[in-house]
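Right, I'll just put the structure down here and ask away after.
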Amino acid sequence: MAFATAAQARDAGRASETALDAHLGADQAKPEAGDAQSTAVQEGGMRQTNGDGPQSPATDSGNSDIVVTASKRSQKLRDVPSAITVLSSDFLEQQGANTIRDYATLTPGLLVRDQGNPGIGTVIIRGLSTGAGSQSATSVVYFDEIPFGNNSYVAPQPELADIESIEVLKGPQGTLYGASNLGGVVRIISKKADASRFAGNARAEGVTVDGGGSGYMARATLNIPIVVDRLAARVSGFYRKAPGFTDNVGTNKKNVNDGESVGARIALRWTPTDDLSVDVTGQIQRISADGYAYQANAHGTIDPIYGPRQYDMFFDAGSEVKYKTVAVTIDYDVGIGTLTATGSYNKSLSYFDRDTTGPFASLLPLFDYAPGTGLALPTHIDIGKTTGEVRFVSDRLGRIEFLAGAFATRERKDGTVRVNAYDAATMTPVAGDAFLLLRSDVVGKYDEVAAFGNATFYFTDDLDVTGGLRYSHIESYNASISGGLLYGAPSLPPKVTDHTDNVVTYLATLRWRPTSTISAFIRAASGFRPGIAQNNPNPPPGAQTSIRPDTVWNYEAGLKGSALGGKLTFDASVFHIDWKDVQLTGVYNALVLGANAGKAEVDGAEASVSLSPTKNLTLGGSVGFADARITRISPQATASVGARAGDPLPLNPKWTASFVADQRVPLSADLEAEFGGTLRYEAKKFTAYPGSSPDVNVRLPSITTVDLRAGLRRGNYHLQLRAENIFDRNGVINALTTGAALPSNATIIRPRTFVLAASADF
């Protein structure tokens, strides 16, 4: 089919918006609940997408046309009174984004503590991080209605193969999303099955890393109507071979961090009536890596010991992450609103191994280990999470609209850590009881039930106020088992602890729309991270018997909208966060125990803008600032983590920025060339607190990278060549030092990379 021009797409978008506003009122856009084909346009002014088929590079009317469900009702992005970044699937594909870091660097306020292997890490929003010792997340990730667990080591990285968009909600979302979103929520929204037509797409990529290995990716999606307009299935599968680029000098293996990602997804949608829809989805994925994206640096520095992108382990330690998810969502329009029921089950299994000979080296002669003994640190984390939610979202009823619901979840965690001894030269296990130097196992249970609601009162169509609250009751249980040669027995009696919390979170917003395309808001919202039982059931005097929830209040003002007939779109916000009862550790009678150890504050601002000066040129940029610091801390916590009042929170660059430019050049009636570039900037940051030991504080310098791309598009076919990190920056994004005078294992970004991609829609 002929390629639609940007002007045609823009005019069509304006016409559809005008018709929708005339029917529903200019204050609100209300697509069908769960409508998979709602328009999603990237905030930075990139592509519009409407499901399968050719993607028109429409500049459109920007933010005014983006429909999001972040507040659990369908709204235009400009009408949501909070800071949200939306990245469309088309924009993510254009950028070549396939990891959480790829899209985090394009999103002001979103960071990730990268552990050097895929699927392992921590999501951080607005600087709320306590460093490597954190045992639970401060921000959460949702895949549709499926929340991933609270564990800080798992940063979900589902393949971005068949998604509608990614919504990044900044600031606490405690009233609607519950626990563990002090900083915010990342929502990955998948495409739904469409019973109106048969469609599909396929994509293939070839990848080569300068000085590293080569890889490839293939994926395909089919949308299959089973009963026209009533029942459909959407099936997708993918395989990605990721090239390696780091070398393990200990085993003399090149490009050791290569890996693969493989998986499939199926989505069913049944609409027996126009008022009722049932969505059932299932997904499996396995991500594995044979090594780490590491560089061994001199103690406390970023100076490489062996050379760029080289590290030393006596074996090729790797990692594997598996996801299995299933979910059901039922939407029923009752005339004055929509009743929604959801249920999901998510199982994630994470395994990663490391060489830990250095940190435990002083123990080897004490237990008569032979010279040349190496110690490995295999870690397994198995999390199963079941959730259910029922909510009613009203239409606007005169001057009022409201939302009310109930939520329940049950999470089970089984974690095992071992320190195992081997002959480092042959990788042969040490015989007898000496093989197991240390074991630390944890079985945890987490149950939460909650009731939540909010209500909006419209003083006028252009001025309204919203209030909301959520009551959560939480029960947790942990049993820990220690053992090994270090303890003199394979297994000691378990230490059992439990904990109960009752927490209330709040929301208040004031929204004003001075024009039909501009919205301003002020917002105050709270959030919490669940408390935990003390890790010692018999703590010494002065230590806490249990750790209270830590809480935040986020105060914010923002402005968003469009101007110049939709050629310019913008959003900006300023915020202040108070973080109380920060969960850290403290030293009590020479024991390191959990504690509510202090306070922190964050002052920041975020802004994004998109400009389309011509129908074929799109410019977009974003900037984020966050001054996150400790403001009060106990002496016991200072002795444990090395922090003092005034110290910056770890892994938080004060400034981040990105800039995207894309130019389209029509070559004929149905052939178009594309040229573009992306710049990413991340300011310096610190890996820990200044007095931290043995995980010493390392100052990581700023990182600036540039990507270039060019392509051809003809009808349903697209060919693209990308050059990523064209200046071959060896950026360091994290570093871990586990002992005095030991090297730092620094996580590094991928070198200069070339990608050739081809896709087709049908």
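The values are calculated or read from the model by the stated rules, or taken from the named source; none is laboratory data. Computed from a prediction, not measured in an experiment: that's the story for all the values here. Positions of Cβ are backbone-derived with ideal geometry, glycine not excepted, and every protein chain shown enters the neighbour counts. The protein model used for the area step is the full one, side chains on, heavy atoms only, and it has no ligands, DNA or RNA in it. Shrake-Rupley method; radii C 1.70, N 1.55, O 1.52, S 1.80 Å.
Would you pick out the residues in the stretch 342-376 that are crowded, with 16+ Cβ neighbours inside 10 Å and among the aliphatic types (A, V, I, L, M)?
Leu349, Leu364, Leu375, Ala376 - these are the residues of the stretch 342-376 that are crowded, with 16+ Cβ neighbours inside 10 Å and among the aliphatic types (A, V, I, L, M).
Please work out if Ala242 is open to solvent by less than 20 Å² (accessible area, probe 1.4 Å), touching a residue at least 60 places away in the same chain (Cβ under 8 Å) and touching a Pro at 6+ places or on another chain (Cβ under 9 Å).
Here the answer is no, as Ala242 does not meet what is asked.
Can you work out which of the residues in the stretch 712-730 that are open to solvent by less than 30 Å² (accessible area, probe 1.4 Å) and touching a residue at least 40 places away in the same chain (Cβ under 8 Å) is farthest from Asn257 (Cα to Cα)?
Here the answer is Gly715.
If you don't mind, there's one more thing I want to ask. As an exercise: evaluate Ala557 against (1) open to solvent by less than 10 Å² (accessible area, probe 1.4 Å); (2) among the hydrophobic types (A, V, I, L, M, F, W, C); (3) within 27 Å of the chain's Cα centre (by Cα) and give the number of the one condition it does not meet.
Answer for Ala557: the failing condition is (1).
Take Val430 and decide whether it is surrounded by 15 or more Cβ atoms within 10 Å (Cβ to Cβ), more than 30 Å from Gly483 (Cβ to Cβ) and touching a residue at least 12 places away in the same chain (Cβ under 8 Å).
Taking the combined requirement at face value, the residue does not satisfy it.
Considering only the stretch 686-699, how many residues are open to solvent by 20 Å² or more (accessible area, probe 1.4 Å) and aliphatic (A, V, I, L, M)?
Number satisfying all stated conditions: 1.
Of the residues that make up the stretch 182-197, is at least one farther than 23 Å from Thr329 by Cα and surrounded by fewer than 24 Cβ atoms within 10 Å (Cβ to Cβ)?
no
Something else now. Out of everything in the stretch 323-378 that is aliphatic (A, V, I, L, M) and closer than 30 Å to Ala740 by Cα, what residue ends up being nearest to the chain's Cα centre (by Cα)?
So the residue we want is Leu377.
Across the stretch 42-89, what is the total count of residues that are β-branched (Val, Ile, Thr), at pLDDT 50 or above, more than 21 Å from Ala605 (Cβ to Cβ) and open to solvent by less than 20 Å² (accessible area, probe 1.4 Å)?
2
Table: residues versus (1) free of Cβ contacts under 8 Å to residues at least 24 places away in the same chain; (2) in contact with a Ser or Thr (Cβ under 8 Å, 6 or more places away or on another chain); (3) within 30 Å of Arg664 (Cα to Cα).
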| site | (1), (2), (3) |
| --- | --- |
| Phe528 | no, yes, no |
| Asp550 | no, no, no |
| Asn554 | no, yes, no |
| Lys567 | no, yes, yes |
| Phe575 | no, no, no |
| Val582 | no, yes, no |
| Gly604 | no, no, no |
| Ser608 | no, yes, yes |
| Ser634 | no, no, no |
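Out of Ala298, Ala289, I need the residue that is of a type outside the set (S, T, N, Q) and buried (at least 21 other Cβ atoms within 10 Å of the Cβ). Which one?
Being of a type outside the set (S, T, N, Q) and buried (at least 21 other Cβ atoms within 10 Å of the Cβ) holds for just one of Ala298, Ala289, which is Ala289.
Any chance you could count how many residues in the stretch 317-334 are at pLDDT below 95, open to solvent by 20 Å² or more (accessible area, probe 1.4 Å) and in a loop (DSSP other than H, G, I, E, B)?
Counting residues in the stretch 317-334 that are at pLDDT below 95, open to solvent by 20 Å² or more (accessible area, probe 1.4 Å) and in a loop (DSSP other than H, G, I, E, B) gives 0.
May I ask you to list the residues in the stretch 533-554 that are open to solvent by 40 Å² or more (accessible area, probe 1.4 Å), under 27 Å from Gly109 (Cβ atoms) and not hydroxyl-bearing (Ser, Thr, Tyr)?
Those that are open to solvent by 40 Å² or more (accessible area, probe 1.4 Å), under 27 Å from Gly109 (Cβ atoms) and not hydroxyl-bearing (Ser, Thr, Tyr): Arg548, Trp553.
I need the full set of residues from the stretch 265-295 which are of a type in the set (A, V, I, L, M, F, W, C) and closer than 30 Å to Gly731 by Cα, in order please.
Passing the criteria: Ile287, Ala289, Ala293.
Answer yes or no: is there a residue in the stretch 90-97 that is crowded, with 23+ Cβ neighbours inside 10 Å and not in a helix (DSSP H, G or I).
No - not one qualifying residue is present in the stretch 90-97.
Follow-up. Can you find a residue in the stretch 262-281 that is modelled with pLDDT of 95 or more and under 22 Å from Gly212 (Cβ atoms)?
The answer is yes; a qualifying residue exists.
Separate question: Considering only residues that are surrounded by fewer than 16 Cβ atoms within 10 Å (Cβ to Cβ) and within 30 Å of Gly444 (Cβ to Cβ), look in the stretch 502-532 and name the one that is nearest to the chain's Cα centre (by Cα).
Per the stated criteria, the residue is Val504.
Now a separate question. Of all residues being open to solvent by less than 60 Å² (accessible area, probe 1.4 Å) and under 21 Å from the mean Cα position of the chain (by Cα) in the stretch 661-685, which is nearest to Gly620 (Cα to Cα)? Just the residue, please.
Thr678
So, one more: If you scan the stretch 98-112, which residues turn out to be open to solvent by less than 10 Å² (accessible area, probe 1.4 Å) and hydroxyl-bearing (Ser, Thr, Tyr)?
Tyr103, Thr107
Given the condition more than 24 Å from Val696 (Cα to Cα), modelled with pLDDT under 90 and in a loop (DSSP other than H, G, I, E, B), answer yes or no: does some residue in the stretch 119-141 qualify?
Yes, the stretch 119-141 contains at least one residue that is more than 24 Å from Val696 (Cα to Cα), modelled with pLDDT under 90 and in a loop (DSSP other than H, G, I, E, B).
Regarding the stretch 583-601, can at least one residue be identified that is open to solvent by 20 Å² or more (accessible area, probe 1.4 Å), closer than 22 Å to Arg523 by Cα, of a type in the set (D, E, K, R) and modelled with pLDDT of 95 or more?
Checked against the condition, which is being open to solvent by 20 Å² or more (accessible area, probe 1.4 Å), closer than 22 Å to Arg523 by Cα, of a type in the set (D, E, K, R) and modelled with pLDDT of 95 or more, the stretch 583-601 yields at least one hit.
Go through the stretch 377-417 and give me each residue that's within 22 Å of Asp355 (Cα to Cα), open to solvent by less than 30 Å² (accessible area, probe 1.4 Å) and not β-branched (Val, Ile, Thr).
Once the filter is applied, which keeps residues that are within 22 Å of Asp355 (Cα to Cα), open to solvent by less than 30 Å² (accessible area, probe 1.4 Å) and not β-branched (Val, Ile, Thr), the stretch 377-417 yields Pro378, Gly415.
Any residue at all in the stretch 339-347 that is under 19 Å from Asp114 (Cβ atoms) and modelled with pLDDT under 95?
no
Yes/no per residue for (1) touching a helix residue (DSSP H, G or I) at 6+ places or on another chain (Cβ under 7 Å); (2) of a type in the set (A, V, I, L, M, F, W, C); (3) in contact (Cβ under 8 Å) with a residue 24 or more places away in the chain:
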position: Leu485; (1), (2), (3): yes, yes, yes
position: Thr500; (1), (2), (3): no, no, yes
position: Ala508; (1), (2), (3): no, yes, yes
position: Ala520; (1), (2), (3): no, yes, yes
position: Ala533; (1), (2), (3): no, yes, yes
position: Gly542; (1), (2), (3): no, no, yes
position: Ser546; (1), (2), (3): no, no, yes
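Taking the condition of being in contact with a helix residue (DSSP H, G or I) (Cβ under 6 Å, 6 or more places away or on another chain) and modelled with pLDDT under 95, how many residues in the stretch 369-421 meet it?
0
Could I ask something else about it? Give the residues of the stretch 220-232 that are open to solvent by 30 Å² or more (accessible area, probe 1.4 Å) and either among the aromatic types (Phe, Trp, Tyr) or under 30 Å from Gly244 (Cα atoms) (or both), sorted by residue number.
Ala220
Then there's this: Out of the residues in the stretch 731-762 meeting the condition of being surrounded by fewer than 16 Cβ atoms within 10 Å (Cβ to Cβ) and out of contact with any Phe, Trp or Tyr (no Cβ under 8 Å at 6 or more places or on another chain), tell me which one is nearest to Ser668 (Cα to Cα).
Phe762
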